[in-house]
Amino acid sequence: MIAEAAQKLRQNIQKVIVGKDEIIDIALIAILCEGHLLLEDVPGTGKTTLAKTIAASLGCSFRRVQFTPDLLPSDVTGIYYYNQKSQEFEFRAGPIFTQILLADEINRATPRTQSSLLEAMQERQVTVDIETHRLKRPFLVLATQNPVELEGTFPLPEAQLDRFIMKLSLGYPDEEEEVAILTRFAQNDPLETLEEVVSPEEIIKMQDMVREVRVEESVQRYIVGVCRATREHDDIELGASPRATMALYRTCQALAAINGRDFVLPDDVKQMAPHVLTHRLMVNPQTRLRGRKPEEIIRDVVETVPVPVESA
């Protein structure tokens, strides 16, 4: 069921997004894990279009917040206001009360406003004043950010980054893909006519089914070994957290499910580790000066940790 639904979603998203098949699959994995996705790239590469296409394909309620330096936390979460007609304080829900939230250019807001998403992303609830409000499932934050080298950006704090299950970069299309984009969008925007292919109820059911994908103890220890190795690596100042270990575990389950398997392979761990762990690492200053990137370190870590083999 999961593999068939993933194929339908993939084909529907491809009606709008040209190329980027791997990016689409990673986004589907994040959805099945009930995780949040961070898309980083320069303006104009399709980050917002991908987020809106995913929302349209799932048939979920959708809100968009344009993050700016003057955005306040209450602009995201909502406020209590005094209703003079009823003579009572009433809660006016903010845009976070949706199923898919597009946090556009999240790193253009101040750290105070960025932190307004922390509770919602981890616990699927929002506390305003002393009242706690539950969020409806499925709940997914798709955040886009510009590279920190661009003007007017604030780096996301480590606690915020750790709550994103994966971080992706779309990159520029190749020549043929860019020509295909011109052809596809020449007459009209295919996003305007995109239809729902999977209902929110089906997504929730599949999210629960993913948790049942089998992970043998040897593969569990391999996942733990990869994450622990990042904490002991000479080039890394701050390694992967236990939350990162859980994220790697869950994404491997989802990857196996969309490939039609009910068990996780060590190769699944190797494939998902760069997407899950890279943005969670804090590389030490000497390593940064040498120009070594976190992606390279993760590849080294995966190669050095012994891979479990099937017993005779």
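Looking at this model, which pairs from 8/52; 15/136; 8/167 are more than 26 angstrom apart at the alpha-carbon?
On the way: 8/52 17 Å; 15/136 28 Å; 8/167 23 Å.
As for pairs spanning more than 26 Å Cα to Cα, those are 15/136.
Fewest first, what order do 144, 98 take by the number of other Cβ atoms within 10 Å?
Values: 144 24, 98 21.
Least to most surrounded, the residues fall as 98, 144.
Could you state the angle between the C-alpha long axis of helix 217-232 and the longest principal axis of the C-alpha atoms of the chain, as a value from 0 to 90 degrees rounded to the nearest 10?
80 degrees
Taking GluC sites (Glu not before Pro) that fall in a DSSP loop and have at most 16 other Cβ atoms within 10 Å as cut points, what is the longest piece of the chain between them?
Formally, the longest exposed-site-free interval is 1-148.
Over the chain, what is the relative contact order in percent, taking alpha-carbon pairs closer than 8 angstrom and at least six residues apart?
22 percent
Counting only DSSP beta bridges with both residues in the range 1-141, tell me the antiparallel percent, nearest 5.
Counting DSSP beta bridges with both partners in the range 1-141, the antiparallel share is about 60 percent.
Just rank 199, 116, fewest to most, by other beta-carbon atoms within 10 angstrom.
Details: 199 12, 116 21.
Least to most surrounded, the residues fall as 199, 116.
Helix 2-13: angle to the longest alpha-carbon principal axis of the chain, degrees 0 to 90, nearest 10?
Here the helix axis deviates by roughly 60 degrees.
If I fit a long axis through the Cα atoms of helix 47-58 and take the longest principal axis of the Cα atoms of the chain, what angle between them do I get, 0 to 90°, rounded to 10?
Helix 47-58 sits roughly 80 degrees off the main axis of the chain.
So if I restrict to the alpha-carbon atoms in the range 66-141, what is the Rg, and what is Dmax, the biggest pairwise distance, in Å?
Looking at the range 66-141, its Cα Rg and Dmax stand at 13.0, 39 Å.
Which of the listed residues, 233, 222, 251, is farthest toward the dipole's positive end in the range 202-312, when Lys, Arg count +1 and Asp, Glu count -1 at the beta-carbon?
Positive-most Cα among the choices belongs to 233.
Sequence neighbours fewer than 8 away in the same chain don't count; with that in mind, list the aspartates and glutamates whose C-alpha is under 15 Å from residue 20.
Within the straight-line limit of under 15 Å, residue 20 reaches these aspartates and glutamates: 40, 41, 174, 175, 176, 177, 178.
Quick one, which of (1) 29, 27, 19; (2) 33, 24, 18; (3) 31, 24, 22 is the actual semi-axes √(5λ) of the Cα gyration tensor in Å calculated for this model?
(3)
Per the helix-only calculation at 222 nm, which mean residue ellipticity applies to the chain, given -39500 (n - 2.57) for every DSSP H run of n ≥ 4 and division by its residues, nearest 500 deg cm²/dmol?
So the calculated ellipticity at 222 nm is -13000 deg cm²/dmol.
Coordinate-derived values only; no laboratory data. Here the structure is a predicted model, which is why all the values come from computation and not from measurement. Neighbour counts run over all protein chains shown; Cβ positions are idealised from the backbone, glycine included.
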